[in-house]
Each structure stands twice: as C-alpha cells, then as structure tokens.
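My questions all concern the structure below.
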Amino acid sequence: MQTNTTATAETMPDTGFVSKVNVDKILNNYASKAAEFDKSDSLFYPVGRYMDEDTSRIIVIGKFIDHQKVYAVDISSQMNATVSFYCLNGKQWQKIGSHETPNDILKVAFKDYDGDGKNEIITEGHYNMNGNFCNEFYHFSVANNTVNYAGSFFAGVYDYEIGEGGKTLKVEYGGSWYMPQSKTIYGWRNEKLIPLRQVTLRLKRVDMEHEAQWIIYEENPTFDKDTLVQKFKKTYCEKNQKRYDLWENFFLNN
C-alpha cells in the first residue's frame with residue numbers, strides 16, 4: 001500500500017527481548033532530538049520496522065499525522081497487541097490513545113484516507129495464501145486531540161476516492177475458489193470507517209461439481225453504524241444484465 005510518508009529510519013536491531021523494552025526511556029531519548037524531526041517525511045524506528053520471527057515490537061516516531069507535531073506509535077507484539085499513540089509537547093510525551101486488537105500485525109503505514117489533510121494510521125497484518133490481510137485504521141480527532149480506532153477489514157485489494165459526494169474506500173475480497181467474493185464500499189462517518197454497500201458472489205453448493213452462485217446485495221440502513229442488512233439474494237447469471245452490471249460495475253456505479 002502506498003503511504004504519504006517516506007521512511008528514513010534510525011533502527012536498532014532486535015535483541016530478542018524487544019517486548020520488554022522500556023518505551024518511556026526510548027521516547028524520552030528521542031524527545032531530546034526534536035531538531036532531527038525537521039523533515040516532515042522522516043520516520044524513526046528505534047526497535048523494528050516489521051514484525052517477523054526476529055522482531056516482536058514496532059515503535060515509530062515522526063511527524064506522520066499532520067507533518068507538524070511529532071507523534072509516536074508503539075505496537076506491543078505481533079498478536080493480541082496493544083497499539084498506543086503519543087504526542088510530543090515540548091519535551092514531554094503525552095499518551096493520546098490506546099487500542100487492544102486480537103488481529104496480527106506485520107507493519108504500520110500512514111495515509112490520508114478521509115481528505116482532512118491528516119494521515120490515518122493503518123496497521124497491516126501478515127498476508128495469507130491469497131494475498132489478503134487485516135487492515136486496521138486509526139483516526140486522529142482534532143476536537144479531542146486523540147487517536148482512536150476507526151474500523152477494519154480483511155482484504156488485499158482496495159482503492160480510495162475523495163470527492164464532493166463523500167470519502168470512500170472501495171474494497172475487493174477474493175479468496176480460494178470455495179470462498180465468497182465480495183466488493184464493499186466503506187465511508188467515513190463521525191470519524192469511523194463503516195461499510196455502506198456490499199455485493200457478494202457465493203457458491204450455492206461448495207463442492208467441485210456445481211458452479212451455481214448467489215448474488216447478494218446489502219446496504220447500511222442508517223449510514224452511521226457498522227451494520228449491513230441484506231436487500232436481496234438471487235441466482236447470479238451473466239445473461240441477466242442487471243445482475244451482471246451490479247457485480248461487474250459495482251464500484252463504477254456507486
């Protein structure tokens with residue numbers, strides 16, 4: 001996934017005991033180096049940049065939200081992690097958010113997905129055999145000066161669009177032959193990323209002998225909560241132009 005920030009890093013090799021590092025000590029050490037953050041695209045990784053068999057923690061420091069203030073992210077482990085956020089005020093770090101996640105984490109990225117001029121923080125999980133992974137989004141609240149969990153989805157292919165009609169992410173999921181395929185449109189509502197519409201192709205019988213599929217269309221009834229309600233479920237046939245267009249041109253028409 002592309003990011004808005006370029007990682008020019010200062011990295012410490014993992015000693016195998018990274019999960020027990022003193023985060024306060026590391027952050028305070030970097031607080032005394034504030035002048036090094038003059039470049040808004042510089043990122044510092046005091047521990048590790050990716051989660052792997054040698055690295056069990058990620059700490060990132062930089063101006064990765066608004067290119068003005070210095071922030072830090074601390075991801076405590078690969079699985080069942082606590083993701084903590086900090087902001088440097090003068091020479092003091094202030095904790096501005098924390099979230100516990102059951103999902104695995106491989107790396108962290110930064111990009112503006114809602115058009116407010118500030119980057120979201122995205123943790124990305126390990127890829128499965130089909131190239132899909134968990135994407136978790138965290139949003140900076142200007143009103144509260146906090147970073148909060150905004151939403152997530154499991155997919156490897158997505159794009160985004162920021163226009164007058166709204167700010168949306170278009171997410172496509174395709175797994176193994178026996179798994180449903182789906183196309184989902186997510187939108188930003190009250191600083192949360194929620195599904196708005198979704199279309200799914202699903203095998204009627206999951207075996208190697210039958211190819212008949214359902215096409216299922218769902219919508220968010222309120223457009224302000226993380227809820228989808230099924231509107232119809234019909235047999236999919238490419239000769240049915242309406243159903244064919246619903247699947248093939250779903251993103252184009254929505």
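The values are calculated or read from the model by the stated rules, or taken from the named source; none is laboratory data. Fair warning: this is a prediction, and the values are worked out from it, not measured in the lab. Cβ sites come from the backbone with ideal geometry, for glycine too, and all protein chains shown count toward neighbours. Side chains included, ligands, DNA and RNA excluded: accessible areas come from the protein's heavy atoms. Shrake-Rupley method; radii C 1.70, N 1.55, O 1.52, S 1.80 Å.
Please state the relative contact order of region 137-222 as a whole percent: Cα pairs under 8 Å, 6+ residues apart? Before the final figure, lay out each step's value.
Details: 161 pairs, mean separation 16.1, N = 86.
Relative contact order for region 137-222 comes out at 19 percent.
Just grab the label-to-label distance for Tyr244 and Leu203, each label 7 Å out from Cα along the Cβ direction, in nm (one decimal).
2.4 nm
How high is the FRET efficiency from Leu252 to Ser141, r the C-beta distance, R0 41 Å, rounded to 0.05?
Computed FRET efficiency for Leu252 and Ser141: 0.80.
Which whole-number percent is the relative contact order of region 87-236 (Cα, under 8 Å, 6+ apart)? Write down the numbers at each step before the final one.
Details: 335 pairs, mean separation 19.2, N = 150.
Over region 87-236, the number comes to 13 percent.
If you compute mean projected area of the Cα convex hull in nm² for the structure shown, which of (i) 13.1; (ii) 18.8; (iii) 15.4 do you land on?
Only one option fits the structure, namely (iii).
Out of residues 5 or more away from Lys111 or on other chains, whose amide H comes under 5 Å of its own, with H placed 1.01 Å from N in the peptide plane?
Asn4, Glu120, Ile122
Something else about it: Label-point separation (nm) for Trp177 and Thr235, each offset 7 Å from Cα along Cα-to-Cβ?
The two pseudo-label positions are separated by 2.2 nm.
Once a ≥ b ≥ c are taken as the square roots of the eigenvalues of the Cα gyration tensor of region 184-254, is the result rounded (a/c under 1.5), prolate (a/b larger than b/c) or oblate (a/b not larger than b/c)?
Prolate shape, in that a/c is at least 1.5 and a/b is the bigger ratio.
Amide H to amide H, which residues 5 or more places from Phe153 or on other chains are under 5 Å from it, using H placed in the peptide plane?
Asn135
Enumerate the amide H contacts of Arg189 below 5 Å, restricted to partners 5 or more residues apart or on another chain; note that Pro and chain-start residues carry no placed amide H.
Distant-sequence amide H within range of Arg189: Ile194.
Another one. Hey, can you rank 105-118, 62-75 by average C-beta count inside 10 Å, highest first? Numbers along the way, then the final one.
Numbers: 105-118: 18.5, 62-75: 20.6.
Result, highest mean first: 62-75, 105-118.
To continue, here is another question. Ignoring ligands, DNA and RNA, what percent of the 1.4 Å accessible area of region 67-205 is carbon and sulfur? It would help to have the intermediate numbers written out before the result.
Working: 2800 of 6150 Å².
In region 67-205, the share of accessible area belonging to carbon and sulfur is 46 percent.
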